[in-house]
Amino acid sequence: MPKVYDRAYFDKWYRHPDHSVASPAELRRKVAMAVAQAEYYLGRPVRSVLDVGCGEGVWRAPLRALRPDVHYQGVDASEYAVARYGRSRNIGLARFGQLEYLRFDHRFDLIVCTDVLHYLKPAEIRAGLAGIADMLEGVAFLEVFTSRDGVDGDLEGFHSRAPSWYLREFTGAGLMPCGSHCYLGPRLERRIAALELAQLPS
């Protein structure tokens, strides 16, 4: 049976004390780091954020606490999450791969995708990355766990890939690694020094 991202799923993995692997304090630090990276390279405050595979939109509140006027757009494949929070948290229904064709009326200073890619097949990852690179004005925060990581949480459908596999796909899409799950968009290429990249392309 295919995985169902319903209320029971989010209750188990995001709220139940026996299963939840991230604290609100950790989330706030992660959001602050991603915003700081984007603002450093853009040279101005973050104005727009696209959260891909956002679930219930947990990034929205800490983002708005830092930047009250930020435009937050979430997308997720969970019909439950969109039905419950779509209107109040600005979440639309879409799979990662649909980013190949899905576009908005502006590009995004920060694009977020956490705990999603290691559950997807290669073709969908490549399709979605092309859209992210095209829509990205600043920095993408792509949190992925690999065969070299000790992974906690939901392992159903988890693809244990080598770090080099993801790095090859990200750089192939025009995304440049700058550390801590952050990737610079193609439009920033002329504004960075060589050693700002976490790994130089060969």
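The values are calculated or read from the model by the stated rules, or taken from the named source; none is laboratory data. Bear in mind that the values here come from a model prediction, so they are computed numbers and not experimental data. Note that we place each Cβ from the backbone using ideal geometry, even for glycine, and neighbour counts take in every protein chain shown. When the accessible area is computed, the model is the full protein with side chains, heavy atoms only, and any ligands, DNA or RNA have been set aside. Shrake-Rupley method; radii C 1.70, N 1.55, O 1.52, S 1.80 Å.
Could you pull out the trypsin sites (Lys or Arg not before Pro) across segment 100-135 that fall in loop regions by DSSP (anything but H, G, I, E, B) with no more than 13 other Cβ atoms inside 10 Å?
The qualifying sites are 103.
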Express the relative contact order of the chain as a whole percentage, based on alpha carbon pairs under 8 Å and six or more residues apart in sequence. 18
Considering only protein heavy atoms, what is the solvent-accessible area of residue 102 at a probe of 1.4 Å, reported in Å² to the nearest 10? 60
Find the Rg to Rh ratio for segment 61-120, where Rh is the Kirkwood radius over alpha-carbon pairs and Rg uses the same atoms. 0.95
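Are there GluC sites (Glu not before Pro) in segment 144-196 that DSSP puts in a loop and that have at most 15 other Cβ atoms within 10 Å, and which ones?
156
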For the chain, the Cα-Cα pair-distance distribution in 5 Å bins from 0, as whole percents, is 1, 7, 16, 21, 22, 18, 11, 4, 1, 0
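Just to confirm the filter: which chymotrypsin sites (Phe, Trp or Tyr not before Pro) across segment 87-136 are DSSP coil and have at most 15 other Cβ within 10 angstrom of their Cβ?
Hits after loop and neighbour filter: 101, 104.
Once neighbouring chains are kept in place and the probe is 1.4 Å, which whole percent of the accessible area of the chain is contributed by carbon and sulfur?
The computed percentage sits at 51.
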Approximate shape of segment 102-202 as ellipsoid semi-axes (Cα gyration tensor, √5λ), whole Å, largest first: 23, 17, 11
